[in-house]
1. Name, by its number, the condition in (1) touching a helix residue (DSSP H, G or I) at 6+ places or on another chain (Cβ under 8 Å); (2) away from every other protein chain (no Cβ under 14 Å) that does not hold for residue B:216.
2. Which members of region C:21-51 meet the condition of being more than 9 Å from chain B (Cβ to nearest Cβ) and part of a loop (DSSP other than H, G, I, E, B)?
3. Do you know which residues across region B:316-343 are more than 14 Å from chain D (Cβ to nearest Cβ), touching a residue at least 24 places away in the same chain (Cβ under 8 Å) and either loosely packed, with under 14 Cβ neighbours inside 10 Å or closer than 23 Å to residue B:277 by Cβ (or both)?
4. Mind telling me which of the residues B:95, B:111, B:63, B:85 ends up being more than 14 Å from every other protein chain (Cβ to nearest Cβ) and in contact with a helix residue (DSSP H, G or I) (Cβ under 7 Å, 6 or more places away or on another chain)?
5. If residue B:183 satisfies every condition in (1) in contact (Cβ under 8 Å) with a residue 24 or more places away in the chain; (2) farther than 18 Å from residue B:258 by Cβ but one, which is the exception?
6. Take residue A:87 and decide whether it is assigned to a helix (DSSP H, G or I) and surrounded by 16 or more Cβ atoms within 10 Å (Cβ to Cβ).
7. Residues of region C:128-142 being within 11 Å of another protein chain (Cβ to nearest Cβ) and assigned to a loop (DSSP other than H, G, I, E, B), which ones?
């Protein structure tokens, strides 16, 4: 990662993300980490998970940021760190045009992440999907159910240590 | 004139074989048998072929020559299918529904004149009877939809009932306009009044400058009464799966299907009798070319009324495969706020014409 | 056909020709249930549409399972969907046929190994009469499969079971592998 | 914190608009009925299930249930190597496989940081635009069927078949192509492709007009769709809508312009946004119009590309494909304009293995469908069908 940054001049995308990060740093201080200035997807991490909703709301509403569009919210498993997390790709659509990614992490066993379903409505289903696949709990989610797998499915399929259940309602599951 | 026509049928009705009134049976049965045959094979087959040609396809091809036996195969297959009455259904209503529907639709054929001689019963209130008896279908539909204990079927039935009952009003007023022009309710009289050497000139549609209005109103209303597109909301496939016959299998389904095609022909026949001269030939006598005389007679009569019926059925199919479907409230809007007022206007105008101008 | 099934064990001439007519009716009007699951459903729609026009064979999709004779399982059956597929199958009136269209419903297809939520073959839940391979099968192969169903119907008789009819069909039908081998040998010889 | 809550809830709501909206009379005592629509229902476009709470014909609330076609795409992506993911990507949005492949390859190529030959870029754009037309044809056809017009559907499928023939000629498959590979395409365009494609373009233009006549100029069609399923632009963005859906709400947003990937910046095309003359901005009709306009736009793009494409003798489209696809450690979010909207792939690579550590597909239909619950409030059942149709979902992509 180091050498790519030296070789390449920083793209406009990364510069814009840097500006965004500065605004957020001023407002929230240490609640957010340093900006990872990689050329593909500049991101920062929310260190104080419980403040994520507040940060999200600020990002959406403050006049200089206006991240009104959440492109994607992906759940991620970090087995080595014993953590689960989400990665949000945000974009200011029609206002400033800048993009940034935010990472939020929580504990692997019963960890919670504040839900942003009311900030960006699109997050509602994305969070349900992340819960379905990884099992992190989104506190304050309006409809915390599984979305893709059946309600009575066992386990969280996308965790790295997932074991497929043998039968489901009497039907053999594995091949 | 009336008497001369009836001699033919009188002679037939007096035909007794082995003490059985065979002649009467023929008079009554020929139209019905024909209609059953028609509705069974050519209606369905025609619809499938016509829709196919409109859609750049071939339609049934492999069952018999050009798929001509397709409908026969369908019926034979439906006869063999398992007859399911679901456990939670109201068995009585479920079973009786298609029957009532079928009877309602086919009883009306009794008063339909298929020619100077072929008429089941020449009632003096024939038209009234036809309109009244067709309304019996509503009961059948409701019984079928409610008895199925299926929500989609219920929706279909309720929609259908609302639709048929509402559209009966503009339809009846439009027909009344025709009755006013004729001064009779007898179906056979309608035909006799529209007879003449100038062919189509004598038809009521061309006898009165306002007659086209009730004609169009009745045609639109008849589409709705027979649940054809763009008013096919009771069986709207994309919304209600299959409407009130969602739960029907095998022969019961075939009976419903049959009744539907039967009533399709029924309304087409009524419109052609009231406005387009029924079994009268539309061709005029032009000098030495006595086209009208040549094309008049018992068999020609049946030919003309069937042709006129087919023509309207063709238009119904054409509309069906071209237009999207209306919404429920738009349908009701059309009925109560457009067709009914215009039907009344037509009624008044025709009355004025008949009394003061003619 | 329940009553006749039990009583008639030897097939006389009369019954066979009645059989033929009834079978002809059934095979000429196979109404599939218009329900699609995944990619194959689009090919099924394409087969129904103008270019391939299944209606030529009298095949004409019905949206209600009650009025259909044939279930085309077009696409991946998932665990969540499995119970529904069984239910739809049970709602169809006898005699009914199942055509499994595409690799996914045949055996799980590309989702065989890691598809935790995919049913590995629809024959685990409902009996299948004809399998059509392909991912997705071309319309021609679907038509081929439907013709195979027609052949199966032709083999059926009052008094014999579906399994026996299938066996008869197998005896009658030619092994394509053998055909290919014969053709190859013919080429080599010449 | 109180303020926070307030601010959240002040986020916008859809207000149904339209003069002939049905009002439920409050005095009427009526019972609510739960109506289960799907997974097998003619108008749910696959295996979507809607649980509707209805009061007569009026849908009080419709809750979508997904997952009936959950084929574990993300699991497979983690289990197979990068080129092996492409066939699974194909099967996500099976109506627009080329566009899917394109989006996935863009994401991986971003991570790999490789140069793509110019001709390959042209080939990719041509095939994906052709596939876009095919996909919109299905969308428009099934929409017509939802509204009860059967014939346009068959016309659409008839014309789609020509595109499938072209693509089959190019790639060897009818629907799921596996044609666009990471770093290249599977084969060069066949000889005479240009001629036949231009023939198709010439054939298709009047057909598109005919389709317009059957649908957009049809009074009943307009009546059924105009003012139905209104979505204001702000709400649409908040819901994360994209593609024709967002443009239908009047937002001038097209990734082909915004992200300017591949050779799109060199091409001359305008973002299709309805002018609001024949439709209310944000209703189902607008979304339909955008799709209709985009078909013609895609034809223009194909023509331009065929004109500008460099001809090379003995061109090897696989030349730029790396021997071993093993991106360095990092994360990327790559996206492209799919016929249904923004299709994005979030890919995480650990730099060691040839398999992605995590691959999340941001599916456009999934996001677009999430507004269904709000769109369906207080609609009639026929309108509900019209709204689902206008969202143009492909369940393979919704459930992945």
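1. (1)
2. Looking only at region C:21-51, we keep the residues that are more than 9 Å from chain B (Cβ to nearest Cβ), and these are C:23, C:32-33, C:35-48.
Listed by number, the residues that qualify are C:35, C:37, C:38.
3. Answer for region B:316-343, where residues must be more than 14 Å from chain D (Cβ to nearest Cβ), touching a residue at least 24 places away in the same chain (Cβ under 8 Å) and either loosely packed, with under 14 Cβ neighbours inside 10 Å or closer than 23 Å to residue B:277 by Cβ (or both): B:316, B:343.
4. Details: B:95 fails: in contact with a helix residue (DSSP H, G or I) (Cβ under 7 Å, 6 or more places away or on another chain); B:63 fails: more than 14 Å from every other protein chain (Cβ to nearest Cβ); B:85 fails: more than 14 Å from every other protein chain (Cβ to nearest Cβ).
Matching residue, one of B:95, B:111, B:63, B:85: B:111.
5. With respect to (1) in contact (Cβ under 8 Å) with a residue 24 or more places away in the chain; (2) farther than 18 Å from residue B:258 by Cβ, residue B:183 is out only on (1).
6. No, not satisfied.
7. C:134, C:135, C:136, C:137, C:138
Conditions tested, residue by residue: (1) surrounded by 24 or more Cβ atoms within 10 Å (Cβ to Cβ); (2) modelled with pLDDT of 80 or more.
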{"site": "B:264", "(1), (2)": "yes, yes"}
{"site": "B:269", "(1), (2)": "yes, yes"}
{"site": "B:273", "(1), (2)": "yes, yes"}
{"site": "B:276", "(1), (2)": "no, yes"}
{"site": "B:279", "(1), (2)": "yes, no"}
{"site": "B:282", "(1), (2)": "no, no"}
{"site": "B:289", "(1), (2)": "no, no"}
{"site": "B:294", "(1), (2)": "no, no"}
{"site": "B:298", "(1), (2)": "no, no"}
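The values are calculated or read from the model by the stated rules, or taken from the named source; none is laboratory data. All values derive from a computational prediction rather than experimental measurement. FYI the Cβ positions are ideal-geometry reconstructions off the backbone, even for glycines, and counts take in every protein chain you see.
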